[in-house]
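These notes concern the structure reproduced below.
The values are calculated or read from the model by the stated rules, or taken from the named source; none is laboratory data. Values in this document were obtained by computation on a predicted structure and should not be read as measured data. Neighbour counts run over all protein chains shown; Cβ positions are idealised from the backbone, glycine included. Note: areas computed on protein heavy atoms with side chains; ligands, DNA, RNA excluded. Shrake-Rupley method; radii C 1.70, N 1.55, O 1.52, S 1.80 Å.
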Amino acid sequence: MTTESLYPFLHAGATDAATLLADVARSTREKVDEIGRLRKEVLDADAGALAACASAMADRFARGGRLYAFGNGGSSTDAMAVASLYVDPGPGHRPLPALALPSDVATLTALANDIGFEVVFARPLAAAGRAVDIAFGLSTSGGSANVLCGLAAACERGLLTVGLAGYAGGAMAEAADRGEIDHLFVMPSVSVHRIQEAQTTVYQVLWELVARALGRP
């Protein structure tokens, strides 16, 4: 995606500084309004589902479970943020065991090189995942093959599976229909930026609800 598609007024030819700054301010307000509407839409549609998912996650943590988060690209960064949120939630909050699979670069690159990139999340989950654990997969498109394989492997081992997707859910929605994803939250947007911003809100809300369910120290 180019800056021209995001900010067409920057490429519209010569203009005075005041007009340009006004256009930037207008574009910023539009984007803020857009993510606000998307977050409200997701909340209105999934408030009850978020509460149910958090309750199921809290139950796994209470029984000694660990959360495994994974995704590609920007979603790999979000996976690391998810794991960090549970492991190091800040003063006054209870830390919980979590691991971001993309952080294990040695295992990820070995599997990608020796076997194939589609198994980089499935193999670690198959090797270490327990039925008491949680698999948390993120995909902007909802169609990331290795995220789907990871969730399928987790499902086979009895892990609680949670997915975050964008657009209309893609292949992750189909996996949820097959029972391979216990809790799927779809950000109904075609903008990668808005999807990832809304996903950030969803996993922050889930953490907050899990912390409440478990009781804060």
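Give me the helices (runs of 4 or more DSSP H) completely within the stretch 127-217, filtered to those with at least 2 residues that are at pLDDT below 95, ordered by residue number.
Result: 192-214.
Among what's in the stretch 82-104 and is of a type in the set (Gly, Ala, Ser) and buried (at least 17 other Cβ atoms within 10 Å of the Cβ), pick the residue that is farthest from HIS193 (Cα to Cα).
ALA98
Conditions: (1) open to solvent by 30 Å² or more (accessible area, probe 1.4 Å); (2) part of a helix (DSSP H, G or I); (3) at pLDDT below 95. VAL42 meets all but one. Number of the miss?
Unmet condition: (1).
Does at least one position in the stretch 112-126 carry a residue that is open to solvent by less than 60 Å² (accessible area, probe 1.4 Å), touching a strand residue (DSSP E or B) at 6+ places or on another chain (Cβ under 9 Å) and part of a helix (DSSP H, G or I)?
yes
For the condition open to solvent by less than 20 Å² (accessible area, probe 1.4 Å), in a helix (DSSP H, G or I), of a type in the set (Gly, Ala, Ser) and in contact with a strand residue (DSSP E or B) (Cβ under 8 Å, 6 or more places away or on another chain), what is the one hit in ALA79, ALA69?
Sole residue among the options that is open to solvent by less than 20 Å² (accessible area, probe 1.4 Å), in a helix (DSSP H, G or I), of a type in the set (Gly, Ala, Ser) and in contact with a strand residue (DSSP E or B) (Cβ under 8 Å, 6 or more places away or on another chain): ALA79.
Among GLY150, GLY142, GLY137, which is over 18 Å from ALA83 (Cβ atoms) and open to solvent by less than 10 Å² (accessible area, probe 1.4 Å)?
On inspection, the qualifying residue turns out to be GLY142.
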